[in-house]
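The values are calculated or read from the model by the stated rules, or taken from the named source; none is laboratory data. Since we're looking at a predicted model, the values are computed, not measured. Side chains are part of the model used for accessible areas, which takes the heavy atoms of the whole protein and leaves out ligands, DNA and RNA. Shrake-Rupley method; radii C 1.70, N 1.55, O 1.52, S 1.80 Å.
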Amino acid sequence: MFSTICLLFLAGFLFWMNTSARISWPDKNRVMAYMASYPLYSRFAAGALFLLATGLCVGLLGVGSGLFAAVVILMTTGSVSVLFFPFRYFGTVAVAALYVCALMLELIIQ
């Protein structure tokens, strides 16, 4: 569940960064290109993903620790996305592979 929460926060940050004019993103896919032409939709999608991930944190951990964990994960994914995005270290395939590995590890440990 935590890997899904982290992925939702990361996707939310990518939708939010999509609205910025200062970030050059030449190889956008169709969804991001469409959302860039309508920044309000992109910000709404980012807010919905943030709320969904926060709700999952609160449902999983309780109100106090869930909100605290949501803020920590939000800050972490924001820092990671701002740090690694300009260098293009991770693409869609790498993030998907990392998510699947984390989800499998999470399910095995549980």
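Could you calculate the contour length gain from T4 to S65, that is, 0.36 nm times the residue separation minus the distance between their Cα atoms, to one decimal place in nm?
20.2 nm
What are the membrane-span-like helices in the chain by this rule: whole DSSP H runs, Cα extent along the axis at least 27 Å, mean Kyte-Doolittle hydropathy at least -0.5?
On the way: long enough: 39-61 (33 Å, 1.57); 63-84 (31 Å, 1.95).
Within the chain the helices that satisfy the rule are 39-61, 63-84.
Dividing the alpha-carbon radius of gyration of the chain by 2.2 N^0.38 Å (N being the number of residues), what value is obtained?
On the way: Rg = 14.5 Å, N = 110, 2.2 N^0.38 = 13.1 Å.
So the chain has a normalised radius of gyration of 1.11.
Kindly report, to the nearest 10 Å², the accessible surface of M104 as traced by a 1.4 Å probe over protein heavy atoms only.
100
Given 0.36 nm per residue, what is the gain on full extension from M75 to M32 after removing their alpha carbon distance, in nm? Each step should come with its number before you reach the end.
Details: separation 43, 0.36 × 43 = 15.48 nm, distance 2.24 nm.
So the extension gain works out to 13.2 nm.
Length gain on complete extension for the stretch L51 to A21, per 0.36 nm per residue less the alpha carbon to alpha carbon distance?
Value of the extension gain: 8.4 nm.
Who wins for biggest fluctuation among G78, G59, G47 in a Gaussian network model of the chain, springs between alpha carbons below 10 Å?
The residue with the greatest mean-square fluctuation here is G59.
Please list L67, L14 in order of solvent-accessible area, largest first, computed with a 1.4 Å probe with all protein chains present.
From most accessible down to least: L67, L14.
Carbon and sulfur: what percent of the chain's accessible surface (1.4 Å probe)? Present the calculation step by step, with values, prior to reporting the outcome.
Details: 5670 of 7460 Å².
Carbon plus sulfur share of accessible area: 76 percent.
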